[in-house]
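To keep things clear, I will list the structure first and then write my remarks on it.
The values are calculated or read from the model by the stated rules, or taken from the named source; none is laboratory data. Keep in mind the model is a prediction, meaning the values are calculated, not measured. Every residue, glycine as well, gets a Cβ built from its backbone with ideal geometry; the counts of neighbours run over all protein chains shown. Remember, those area values only see protein heavy atoms, side chains included, never the ligands or the DNA or RNA. Shrake-Rupley method; radii C 1.70, N 1.55, O 1.52, S 1.80 Å.
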Amino acid sequence: AAVVTMLAIGNGSKEAVMKQISAMGSNLLLVFPGAPGTRPSGDIATLVPADAEAISELDNVVAVSPERKTRATLRMGSIDYQSNVTGVWPTYQVTQNWPMASGTFITDDDVRSYATVLVIGKTVAKNLFPDDEDPVGQFVLVGNTPFEVIGVLSTKGANSFGSDMDDAAFVPLSTGFNRLFGQQYLGSVNVKLASDERTAQTQEEIRQLLRSRHHLEDFQ
């Protein structure tokens, strides 16, 4: 009985960990600015969108999504709520395995046109629309700029660090640079791989590619 109980606990823990990893996105490599051994920070200006475009051309890469994040106050009517606002490409949804609950995600046209559109997580939706009003089509102030809510993401829950992944909002990366972030450098790049058996090889290919582009190893 003790052996069976311990195996059940072990398998249950493994399943919980795998669910957390899956929620964060599977087969992912994360590229951060800053030299190896330094603490990753979105304030280090060494990665740019062109780096992400170059990585997307590699053989084992399915999708690449660069991102830049900031804290901002979102306002709906008389309700103010602070959350993480992240500028992304449409491929972010693919790299994170994150389906929509309603509406649509950011599109290539939104990025090209610097559209002031917003996709929100469930936690943000509950705080800004406490009466269960449909957020899609509503306008939310991000800082001083009105953004139209075009979609609400499905529930993700907490990540492996205990942070609420649904407490998030997303804008086109181009719009974020133009309206929210200022300087056009990245906080990280998500790289989704076709095969996890070639992870080490693809990681080395990314390292060599960025070294050739930057002429030094200012990333990790």
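Please work out if Gly143 is modelled with pLDDT of 95 or more and within 20 Å of Ala72 (Cβ to Cβ). When the stated conditions are applied, Gly143 does not pass them.
For every residue, the table says whether it meets (1) touching a helix residue (DSSP H, G or I) at 6+ places or on another chain (Cβ under 8 Å); (2) open to solvent by 40 Å² or more (accessible area, probe 1.4 Å); (3) in a helix (DSSP H, G or I).
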position	(1), (2), (3)
Arg39	no, yes, no
Ala54	yes, no, yes
Glu57	no, yes, no
Ala72	yes, no, no
Asp80	no, yes, no
Val85	yes, no, no
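Being crowded, with 22+ Cβ neighbours inside 10 Å, on the phi < 0 side of the Ramachandran plot and in contact (Cβ under 8 Å) with a residue 24 or more places away in the chain holds for only one residue in Val136, Val149, Val111, and it is Val149. For Ser13, the conditions (1) at pLDDT 95 or above; (2) over 22 Å from Ala194 (Cβ atoms); (3) open to solvent by 40 Å² or more (accessible area, probe 1.4 Å); (4) of a type outside the set (A, V, I, L, M) all hold with the exception of (1).
Quick grid of which residues meet (1) open to solvent by 50 Å² or more (accessible area, probe 1.4 Å); (2) of a type outside the set (Gly, Ala, Ser); (3) free of Cβ contacts under 8 Å to residues at least 12 places away in the same chain; (4) in a helix (DSSP H, G or I):
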| position | (1), (2), (3), (4) |
| --- | --- |
| Gly162 | yes, no, yes, no |
| Val171 | no, yes, no, no |
| Ser174 | no, no, no, yes |
| Arg179 | yes, yes, no, yes |
| Tyr185 | no, yes, no, no |
| Asn190 | no, yes, no, no |
| Thr199 | no, yes, no, yes |
| Thr202 | no, yes, no, yes |
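Of all residues in the stretch 87-117, those satisfying the criterion of being under 22 Å from Leu29 (Cα atoms) and part of a strand (DSSP E or B) are Gly87, Val88.
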